[in-house]
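Structure first, then comments.
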Amino acid sequence: MTPIQASQRPPMRATEFAELTRSVKHAGLLDRRRGYYILRITVNLLVLAGGGVLFVLVGDSWWQLFTAVFFAVIFTQFAFIGHDAGHRQIFRGKRANDAIGYVHGGIVGMSYGWWVSKHHRHHANPNHEQDDPDIDIPFLAFTPGQSRAKRGILRWMTKYQAYLFFPLLLLEGINLHVSSAQAVWRGQVASRKLEAGLLLAHIGGYLAAVFLVLSPGTAVAFIAVHQGLMGIYLGCSFAPNHKGMPTWTSGVSLDFLRRQVLTSRNVRGGPWIDFVYGGLNYQIEHHLFPTMPRPNLRKAQPLVHRFCLDHGIDYSQCGLLRSYWHVLHHLHALGAPLRAAA
């Protein structure tokens, strides 16, 4: 997708979003769904406990690589709950949501405070070349300006980034752990002692469980599969939402409604897509109403879609495979000038 140009700037229409918000509130879609989250969290904890029992019963066996796949899925599901807590989708108060978020961050091995700060900056300026941390990734280029600025090995990687994209996602789980530890070490989180304790408990408990049950070789393979697939799962859940959509810079002024809708993409599908993506497949609705509980996003989608059509606002949605095609096509196109100059 091409960047949004200053000449394409739409008029500021704050009343439009106010009108949409009234419709959403009238439909009760911003009401909390505590029962849903209590059930979801309870089921996740029971599944995790069952997985732990299975892990011990299977013992030192290469069959544990299949349990590593299982743990990659369930850890990501815990991360989705942490995401919802960070947006105050579960409870209205900050303290209760943060309690859920810190616990889930500890289970997954991520700093909840670091991630919330980073994610809120993304929501404030999605696909903004200077201000969105989610498109400021050293090993990839998401805009022509980023592509031209690459040097050395990073320039070579940008040339072939469409081919490297999924292999790089194998490292995303490790990257989240390392970035979390760095943020806590540098004091970039509000509850430094709490988060340090949670991360140390996660690392100690995780490594102890793996190396006490498994032989060293099997343990290393288990960790590689678990962390690699968790990175793939998390990356594949977030990448289709904005990558390949229009970007913008400080020279462009967008009202809140267009800033969120024009830079986001929905992924169509049934309830299984909702489960696999943790509700992030309704990215447009989520960005417009980040506190909306996850189960309400599906109900809000037709309302928001119709509103955008009525007001001439581009609303992007496509199927699962098509969403990844858009991402890879965009990455490949950005690398084309560098390949041609080689």
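The values are calculated or read from the model by the stated rules, or taken from the named source; none is laboratory data. Keep in mind the model is a prediction, meaning the values are calculated, not measured. All Cβ positions, even for glycine, are placed from backbone atoms using ideal geometry, and neighbour counts span all protein chains on display.
Summary table
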item	result
Single unsatisfied condition, His26 versus (1) of a type outside the set (Lys, Arg); (2) at pLDDT below 95; (3) farther than 29 Å from Lys243 by Cα; (4) over 24 Å from the mean Cα position of the chain (by Cα)	(2)
Unique residue being assigned to a strand (DSSP E or B), polar (S, T, N, Q) and within 18 Å of the chain's Cα centre (by Cα) when the list is Gln317, Gln260	Gln317
Candidate set: the stretch 315-342, residues that are buried (at least 17 other Cβ atoms within 10 Å of the Cβ) and free of Cβ contacts under 8 Å to residues at least 60 places away in the same chain; chosen: the one nearest to Gly269 (Cα to Cα)	Gln317
Candidate set: the stretch 51-89, residues that are in contact with a Lys or Arg (Cβ under 7 Å, 6 or more places away or on another chain) and part of a loop (DSSP other than H, G, I, E, B); chosen: the one surrounded by the most Cβ atoms within 10 Å (Cβ to Cβ)	Gln89
Among (1) touching a residue at least 24 places away in the same chain (Cβ under 8 Å); (2) out of contact with any helix residue (DSSP H, G or I) (no Cβ under 6 Å at 6 or more places or on another chain); (3) part of a helix (DSSP H, G or I), the one test that Asp98 misses	(1)
Residue match in the stretch 142-153 (condition: closer than 18 Å to Tyr324 by Cβ and surrounded by fewer than 19 Cβ atoms within 10 Å (Cβ to Cβ))	no
Criterion violated by Gly244 - all others in (1) buried (at least 23 other Cβ atoms within 10 Å of the Cβ); (2) assigned to a helix (DSSP H, G or I) satisfied	(2)
Inter-residue pairs, beta-carbon under 7 Å, first touching a residue at least 40 places away in the same chain (Cβ under 8 Å) and in the stretch 107-124, second surrounded by fewer than 22 Cβ atoms within 10 Å (Cβ to Cβ) and β-branched (Val, Ile, Thr), 6+ apart	Gly109/Ile203; Ser111/Val189; Gly113/Val189; Trp114/Val189
Unique match (being on the phi < 0 side of the Ramachandran plot, among the hydroxyl-bearing types (Ser, Thr, Tyr), surrounded by 15 or more Cβ atoms within 10 Å (Cβ to Cβ) and in contact (Cβ under 8 Å) with a residue 40 or more places away in the chain) among Thr291, Thr249	Thr249
Any helices (runs of 4 or more DSSP H) falling wholly within the stretch 138-184 and containing at least 2 residues that are more than 18 Å from Phe238 (Cα to Cα) and touching a Pro at 6+ places or on another chain (Cβ under 8 Å)	144-149
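So that you can scan it fast, the table gives a plain yes or no per residue for (1) exposed (fewer than 12 other Cβ atoms within 10 Å of the Cβ); (2) more than 19 Å from Ile223 (Cα to Cα); (3) in contact with a helix residue (DSSP H, G or I) (Cβ under 7 Å, 6 or more places away or on another chain); (4) of a type in the set (A, V, I, L, M, F, W, C):
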| residue | (1), (2), (3), (4) |
| --- | --- |
| Thr15 | yes, yes, no, no |
| Leu30 | no, yes, yes, yes |
| Ile38 | yes, yes, no, yes |
| Ala49 | yes, no, no, yes |
